[in-house]
1. Quick one, which of (i) 46; (ii) 17; (iii) 11 is the actual percent of Cα pairs over 24 Å apart calculated for this model?
2. Take the Cβ-Cβ distance between residue 21 and residue 83 as r, set R0 to 25 Å, and report the resulting FRET efficiency rounded to the nearest 0.05.
3. Hey, with R₀ at 41 Å, roughly what FRET efficiency would residue 8 and residue 58 work out to, going by the Cβ-Cβ distance, to 0.05?
4. Give me the percent relative contact order of segment 5-83, please, defined on Cα pairs under 8 angstrom at least 6 residues apart.
């Protein structure tokens with residue numbers, strides 16, 4: 001379940017299905033991935049439910065080692081923390 005968003009892009013996609021910053025052709029995929037995340041409480045389920053092509057679920061490194069990422073379409077990703085069945089600090093970003 002998604003507990004909170006960090007940043008305007010993810011919140012806008014979740015609430016309005018639109019964003020001024022994220023390219024329009026990525027809105028539907030971003031919303032679909034957020035919906036899968038919101039319906040998931042077990043991280044292994046995310047791996048099963050969230051396997052649209054090229055999801056690239058991976059743990060980040062360095063100063064962001066507590067975060068995970070799934071790819072919307074490079075370079076755009078959804079980054080988040082996951083603990084006890086909850087997704088927190090969910091954001092859509094181009095962190096590359």
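Values in this text are rule-based calculations from the coordinates and carry no lab data. Here the structure is a predicted model, which means the values were calculated and not measured. Every residue, glycine among them, receives a Cβ derived from its backbone with ideal geometry; neighbour counts consider all protein chains shown.
1. Here the calculated entry is (iii).
2. With a Förster radius of 25 Å, E is 0.35.
3. It comes out at approximately 0.95.
4. Working: 77 pairs, mean separation 14.2, N = 79.
Computed over segment 5-83, the figure is 18 percent.
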